[in-house]
1. Could you tell me which of rounded, prolate or oblate describes segment 4-127, using a ≥ b ≥ c as the square roots of the eigenvalues of the alpha-carbon gyration tensor, with rounded for a/c under 1.5 and, failing that, prolate when a/b is larger than b/c and oblate otherwise?
2. Using only the alpha-carbon atoms of segment 72-139 as identical scatterers, what base-10 log of I(q)/I(0) does the Debye formula give at q = 0.17 Å⁻¹?
3. So for each of 74-80, 29-35 I average, over its residues, the number of other beta carbons within 10 Å; can you give me the resulting order with the highest mean first?
4. First check a/c for segment 10-82, with a ≥ b ≥ c the square roots of the eigenvalues of its C-alpha gyration tensor; if it is under 1.5, answer rounded, and if not, answer prolate when a/b is larger than b/c or oblate otherwise.
5. Note the full-extension length gain between residue 32 and residue 165 as 0.36 nm times their separation in residues minus their Cα-Cα distance, in nm to one decimal.
6. So if I take the centroid of the Cα atoms in segment 1-22 and the same for segment 28-98, what is the distance between those two points in Å?
């Protein structure tokens, strides 16, 4: 029969995985406490929480959640970065930290229920931030929309010009008839 503290720990780990859109497994072997704190700070700024967990409890929590794809990476000194929102800044922070510290290794990840290898986490880190992508999309939409607005405005400008020319002709014709009518009436 499992001990209550282990059951509670498994529930907490399940909660971390269920509220996170992305979880990235890392090996932190050989890092000093200061380096680990530096990593935690950079991940906190990127919107992630970095947890060192017991692998047997983590494996049990993932099995309870029906996720068996990470079992091969749940060995050795493993810590997990849990990301609730945009995973790109956290992946970028992990990859940059790994470039500076050769002992640090990104093992794998879990994004929206799909397992990612370390190479896919590296690709995720190269994607531009959400705000940058949204502004690029807005710019891409703005170009055609402003062209369409200009085109629609040109229809109204051209229609106004045509109507203006028609009015001028009518006025000229009206003035021309009035002059010819006055000549025909004579003295």
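Taken together, the values in this text are just the output of simple stated rules run on the coordinates, not laboratory data. This one's a predicted model, so the numbers in the text were calculated from it and none came from an experiment. Glycine gets a Cβ as well: all are built from the backbone with ideal geometry, and neighbour counts include every protein chain shown.
1. Working: a/c = 1.60, a/b = 1.34, b/c = 1.20.
It comes out prolate by the Cα gyration axes.
2. The computed values of log10 I(q)/I(0) come out as -0.65.
3. Values: 74-80: 16.9, 29-35: 11.9.
The densest-packed peptide leads the list: 74-80, 29-35.
4. Values: a/c = 2.34, a/b = 1.45, b/c = 1.61.
Verdict is oblate for segment 10-82.
5. Working: separation 133, 0.36 × 133 = 47.88 nm, distance 8.29 nm.
Roughly 39.6 nm would be gained on extension.
6. So the separation of the two Cα centres works out to 15 Å.
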